[in-house]
Amino acid sequence: MGRIPLGRPYRAAACSHPYAWCHDWTHRFPSIAAAAGEIGGNAILDREAVVLDEVRRSDFRALQQALGGRGGKRSSGEAIFYAFDLLYFDGHDLRQMELSERR
């Protein structure tokens, strides 16, 4: 999991704790980037990109394969976006609100 800032233009920054590195993977998830570009305002979401298996469960191996395996450079049009939490929206830090209110 990680945080993706959403807004215009859309940019997917894959950052995770405890590592201090970030990679811009926007080009690797074109369908997610296109859909996110339709969201009005600026938001930061706790999220995950997933590929679903035949019974619609998240399949990490399928995601890896869609991206070309370990170290792969392909993009995935089949990945979808699961948002778990809205942390920031249009200038408002929402982290102090109850989780049930942010969802």
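For the stretch 46-72, what are the residues that are closer than 16 Å to F29 by Cα and either hydrophobic (A, V, I, L, M, F, W, C) or in contact (Cβ under 8 Å) with a residue 40 or more places away in the chain (or both)?
R47, E48, A49, V50, V51, L52, F60, A62, L63, A66, L67
Please find, within the stretch 73-83, the residue that is nearest to W25 (Cα to Cα) out of those that are of a type in the set (S, T, Y) and in contact with a helix residue (DSSP H, G or I) (Cβ under 8 Å, 6 or more places away or on another chain).
S75
Can you name the residue in the stretch 74-98 that is closer than 22 Å to A36 by Cα and free of Cβ contacts under 8 Å to residues at least 24 places away in the same chain and, of all such residues, is surrounded by the most Cβ atoms within 10 Å (Cβ to Cβ)?
Filtering first and then ranking leaves L94.
Of all the residues that make up the stretch 23-43, how many are acidic (D, E) and at positive phi?
Matching residues across the stretch 23-43 total 0.
Scanning the stretch 53-69 for residues that are acidic (D, E) and surrounded by 10 or more Cβ atoms within 10 Å (Cβ to Cβ), which turns out farthest from the chain's Cα centre (by Cα)?
D53
Please tell me if A12 is modelled with pLDDT of 85 or more, surrounded by 13 or more Cβ atoms within 10 Å (Cβ to Cβ) and not aromatic (F, W, Y).
Spelling it out, it is not the case that A12 is modelled with pLDDT of 85 or more, surrounded by 13 or more Cβ atoms within 10 Å (Cβ to Cβ) and not aromatic (F, W, Y).
The values are calculated or read from the model by the stated rules, or taken from the named source; none is laboratory data. Predicted model, so just to flag it, every value in this text is computed and none were measured. Using ideal geometry, Cβ is built from the backbone for each residue, glycine included, and neighbour counts are taken over all protein chains shown.
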